[in-house]
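Notes follow the structure.
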Amino acid sequence: MSAYEQPPLDLGAVCQRWKNRQHSWRPTSEGGFDSTRYRVREMPNHLVHTAKAFVRAHHYSGSWPAVRFVYGLVDTAASPENSLVGVLTLGIPTQVAVLTSVFGLLTPYEESLELNRLVLLDEVPANAETWAQACAFRLAAARGVRGVVAHSDPEPRTRLTAHGPELIFPGHYGTIYQAKGMDYLGKTHPRRLTMLPDGSVLHSGVRAGSPRLLGGREPAFQQVDRTVQACHSMV
């Protein structure tokens with residue numbers, strides 16, 4: 001099967017998991033999630049670097065967004081160094097209109113935010129995502145957040161290897177967001193992303209020639225563009 005082919009999948013019957021930026025699936029029928037074993041906590045400033053490293057290591061994007069609040073899913077039965085098994089972040093979208101077009105009466109970046117990362121490790125049992133979201137949203141509400149926008153990217157992502165393209169992300173449709181009770185608002189406008197060979201996205205500032213943003217990455221002229229047909233929006 002090529003990297004661009006996907007077998008039929010009942011998205012309501014599985015949960016997506018991540019480790020080392022590789023996805024896997026857990027059947028929801030297995031159950032097994034014990035909420036008494038897990039805690040969701042807001043990560044204090046001195047531990048945000050831990051969440052940042054976790055997301056960069058395991059999320060398919062390999063990147064860290066602009067965040068305001070960071071929440072960690074903690075396995076209380078694991079050793080302290082292995083207790084962080086998931087991260088959810090609420091933060092700043094690329095444009096304020098992402099928030100104001102939906103929550104016109106809320107103050108953007110304070111009362112309304114974007115859910116811009118959610119990643120749980122392979123070993124977390126099925127049905128944990130919605131519980132973790134609910135816990136994080138309650139903590140955010142206590143901080144004054146009243147509206148959250150989330151996007152799902154249905155477009156597959158690949159990275160280049162010595163053996164050819166390798167699928168690292170088959171795309172998703174925000175099933176867990178809707179399971180949480182968020183409203184589906186439709187598709188965003190198509191946009192173009194510039195993809196690096198490892199499957200991460202080249203920042204627009206790099207395309208404009210910013211050496212600060214380029215850092216140690218490859219020159220921009222070596223990259224290729226990919227068109228994103230649309231993202232799905234949910235609130």
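The values are calculated or read from the model by the stated rules, or taken from the named source; none is laboratory data. These figures come from a predicted structure and were not determined experimentally. In case anyone asks, the SASA skips ligands and DNA or RNA and just uses the protein heavy atoms, side chains included. Shrake-Rupley method; radii C 1.70, N 1.55, O 1.52, S 1.80 Å.
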**Prompt:** Extension gain ALA134-GLU81, at 0.36 nm per residue separation less the Cα-Cα distance, in nm?
**Reply:** 16.6 nm
**Request:** Heads up, I need the accessible area for HIS151: 1.4 angstrom probe, whole protein in place, Å², nearest 10.
**Result:** 50 Å²
